[in-house]
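Remarks on the structure that follows.
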Amino acid sequence: MKKLSEYLTQNGIRQEDFAARIGVTQATVSRLKAEIMRPSIKVAARIEAETGGAIPAAYWATVQVQGAAQ
């Protein structure tokens, strides 16, 4: 299972382009890449669809968000 940052880099996809494809801002993609935030279920499903399943929606359930209470 790849991280979003790895997926975008390996596929030569710009944050701005990916953001437009999944219906969020570039800033949101930046925060998702840095694992500072988790996407909504709806956006996680869009990421899964856009990546062809390389980043399944369930991936985000395992992400340890920086600064979040445990």
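The values are calculated or read from the model by the stated rules, or taken from the named source; none is laboratory data. Please read these numbers as outputs of a predicted model, since none were measured by experiment. Cβ sites come from the backbone with ideal geometry, for glycine too, and all protein chains shown count toward neighbours. We work out accessible area using only protein heavy atoms, side chains counted, and drop any ligands, DNA or RNA first. Shrake-Rupley method; radii C 1.70, N 1.55, O 1.52, S 1.80 Å.
Placing unit charges on C-beta atoms (Lys and Arg positive, Asp and Glu negative, everything else neutral), compute the dipole magnitude of the chain about its Cα centre in debye, rounded to 20. Walk me through the intermediate numbers first.
Working: 9 positive and 6 negative charges, 20 e Å.
Value, rounded to 20: 100 debye.
Residues of the stretch 1-19 with the amide nitrogen closer than 19 Å to a label point 7 Å from the Cα of S30, along Cα-to-Cβ, please. It comes to 4-9, 13-19, nothing else. Electrostatic bookkeeping for E48 treats Lys and Arg as +1 and Asp and Glu as -1; over the other residues with beta carbon under 13 Å from its beta carbon, the sum is +3. Solvent exposure of the chain, expressed per residue, is 60 Å² of accessible area, with all protein chains present and a 1.4 angstrom probe. Relative to the longest principal axis of the chain, what angle (0 to 90°, nearest 10) does the C-alpha long axis of helix 41-50 take? Between helix and principal axis, roughly 40 degrees. Once Rg and the Kirkwood radius are both taken over the C-alpha atoms of the chain, their ratio Rg/Rh works out to 0.93.
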